[in-house]
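The values are calculated or read from the model by the stated rules, or taken from the named source; none is laboratory data. What you see is a predicted model; the values in this text were computed from it and never measured. Every residue, glycine as well, gets a Cβ built from its backbone with ideal geometry; the counts of neighbours run over all protein chains shown. For the accessible areas, the whole protein counts, side chains as well, though only heavy atoms, and no ligand, DNA or RNA atoms are used. Shrake-Rupley method; radii C 1.70, N 1.55, O 1.52, S 1.80 Å.
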Amino acid sequence: LSLPKGTYAFEAINYYALNYEFIDTKIDNLGQTTLSNVVFNNRGFQGDISMIESGMLFISLPYDKGFTAYANGKEVKIEKANIGYMAIHLEPGEYQIQFSYETPGMKIGMGISIGTFIVASCVFVVKQKRRWRKI
């Protein structure tokens, strides 16, 4: 640590020490719990994972409320991870993971659009009938 010349005042100095005793084992195990057989479709993606111990499955896609996650067909909570990405908590075991996406507000927007089309069509038909009666 080097600082330019000057006067500094510190209220506290802290440090963090990491236990590097098992770092090699942890690095070797990193690739063992990844999503495999990943298949993407127009609504999301799915894949398989085997968890040796409980932990988080990190998905490097931006977190979005439109995603729903399932582990072996059961809905699981999506956590915000590493500021803006997605992760789900899994216990040890074999899982088929599925992430489905639906644009938030899509169903309401479609309903409003269809309703507006129906009303506009009815107004058009009524106006046309009035014109035909005048002729």
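Couple of notes before you dig in:
- Counted residues, the stretch 42-66 - those being assigned to a strand (DSSP E or B) and either in contact with a Gly (Cβ under 7 Å, 6 or more places away or on another chain) or among the acidic types (Asp, Glu) (or both): 3
- Selection of first residues in the stretch 23-46 that are farther than 28 Å from LYS65 by Cα and touching a residue at least 12 places away in the same chain (Cβ under 8 Å) and of second residues that are not hydroxyl-bearing (Ser, Thr, Tyr) and not in a helix (DSSP H, G or I), restricted to Cβ pairs under 7 Å at least 6 apart or on distinct chains, gives the following pairs, ordered by first then second residue: GLN32/ILE52.
- Screening LEU61 with (1) open to solvent by less than 90 Å² (accessible area, probe 1.4 Å); (2) more than 13 Å from the chain's Cα centre (by Cα) gives one miss only, at (2).
- Tally of residues being assigned to a loop (DSSP other than H, G, I, E, B) and not aromatic (Phe, Trp, Tyr) across the stretch 1-41: 21
- Looking across THR7, THR25, one residue alone is open to solvent by 100 Å² or more (accessible area, probe 1.4 Å) and either among the β-branched types (Val, Ile, Thr) or modelled with pLDDT of 95 or more (or both). It is THR7.
- Residue match in the stretch 39-47 (condition: touching an Asp or Glu at 6+ places or on another chain (Cβ under 7 Å) and open to solvent by 40 Å² or more (accessible area, probe 1.4 Å)): no
- Among the candidates ILE112, ILE97, ILE118, ILE108, the residue that is outside any loop (DSSP other than H, G, I, E, B) and touching a Leu at 6+ places or on another chain (Cβ under 8 Å) is uniquely ILE97.
- Scanning the stretch 72-101 for residues being on the phi < 0 side of the Ramachandran plot and among the polar types (S, T, N, Q) gives a total of 3.
- Contact map, the stretch 103-123: residues that are in contact (Cβ under 8 Å) with a residue 24 or more places away in the chain and within 28 Å of PRO62 (Cα to Cα) paired with residues that are acidic (Asp, Glu) and surrounded by 10 or more Cβ atoms within 10 Å (Cβ to Cβ), Cβ distance under 9 Å, separation 6+ or inter-chain. Pairs shown: PRO104/ASP64.
- Filtered by the rule that a residue be surrounded by 12 or more Cβ atoms within 10 Å (Cβ to Cβ) and in a strand (DSSP E or B), the stretch 76-89 gives VAL76, GLU79, ALA81, TYR85, MET86, ALA87, ILE88, HIS89.
- When residues of the stretch 48-58 are limited to those that are among the hydrophobic types (A, V, I, L, M, F, W, C) and open to solvent by less than 50 Å² (accessible area, probe 1.4 Å), the one nearest to the chain's Cα centre (by Cα): LEU57
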